[in-house]
Amino acid sequence: MKDSTTSKEKFLKKIRKALLEKRDNPYPNLEDLPLYPSTTELPEVIFAEEFTKVSGQFIYCEDEIQFIENILLLAEEKKWRKIYCWEPELQELLNRYEYPYYATDKDFELAEVGLTLCEALIARNGSIMVTNANAAGRRLSIFPHCHVVIAYTSQLVMDLKDAFKIIKNKYGNQLPSMISTITGPSRTADIEKTLVLGAHGPKELFVFLLDDSSKRG
């Protein structure tokens, strides 16, 4: 008598048998293995290279004074007037050097620039990790035509998994409801395959990286 079992049934039988058998994980340390080859390049150099590849604009600052000087020049060049900043830590920095900004959302529909901090910079793909846990919320990095991020060298990590470690260490089990990464200005090529910047978010994205290595001792 011929075996009437189909190939599909044989295949499913093997799967069921395999699921019932307990076996050791053949790759127990897989998640700890690096996904990319090691590099001797500095994280800030890698970030700058990858960030500019996606149309981001990167400015390195040795200290706060150089940051203020650079943003003053940039604001004058771009003729920025409606600059909004809602995060107390960043407001304190701007107040220290009497840099003008809007601290509320009054006339927010006229906002030209949103100044925010971030959670981390991911060097490997030139991305910025942000959450809605700070006062900037969801709006300030999305609505204005220009998004300016102020970050510190201590926030630079190589990979996405390292950025998530920062989030976990900072917030514990109270994770923000929004965790996102920004890779360059908003873009789309849906219409006739033509790349358009600023389609559904900021048209320009700047990162000012401040060196805080001296503060870390």
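The values are calculated or read from the model by the stated rules, or taken from the named source; none is laboratory data. Please read all numbers here as calculations on a predicted model, not as lab measurements. Don't worry about glycine lacking a Cβ; one is built from the backbone with ideal geometry, like all the others, and counts go over all protein chains shown.
Observations on the structure shown:
Results for (1) in a loop (DSSP other than H, G, I, E, B); (2) modelled with pLDDT under 90; (3) closer than 25 Å to L110 by Cα, shown as yes or no for each residue.
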site: R124; (1), (2), (3): no, no, no
site: M129; (1), (2), (3): no, no, no
site: A133; (1), (2), (3): yes, no, yes
site: R139; (1), (2), (3): yes, no, yes
site: A163; (1), (2), (3): no, no, no
site: N169; (1), (2), (3): no, no, no
site: E192; (1), (2), (3): yes, yes, no
site: L205; (1), (2), (3): no, no, yes
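- Conditions (1) surrounded by 18 or more Cβ atoms within 10 Å (Cβ to Cβ); (2) modelled with pLDDT of 90 or more; (3) of a type outside the set (F, W, Y); number of the one not met by N173: (1)
- Among the residues making up region 84-126, those that are among the hydroxyl-bearing types (S, T, Y) and free of Cβ contacts under 8 Å to residues at least 60 places away in the same chain are Y97, Y99, Y101, Y102, T104, T116.
- Hey, I142 surrounded by 20 or more Cβ atoms within 10 Å (Cβ to Cβ) and either closer than 21 Å to D159 by Cβ or under 21 Å from the mean Cα position of the chain (by Cα) (or both) or not: no
- Within region 61-75, the set of residues being surrounded by 17 or more Cβ atoms within 10 Å (Cβ to Cβ) and either of a type in the set (D, E) or outside any helix (DSSP H, G or I) (or both) comprises just one member, C61.
- Unmet requirement for N132, which otherwise passes all of (1) without any contact (Cβ under 8 Å) to a residue 40 or more places away in the chain; (2) under 18 Å from K168 (Cβ atoms); (3) out of contact with any strand residue (DSSP E or B) (no Cβ under 6 Å at 6 or more places or on another chain); (4) not small (G, A, S): (1)
- Residue tally, condition part of a strand (DSSP E or B) and modelled with pLDDT under 95, over region 144-161: 0
- Among the candidates E89, E112, E98, the residue that is in contact with a strand residue (DSSP E or B) (Cβ under 7 Å, 6 or more places away or on another chain) and surrounded by fewer than 23 Cβ atoms within 10 Å (Cβ to Cβ) is uniquely E112.
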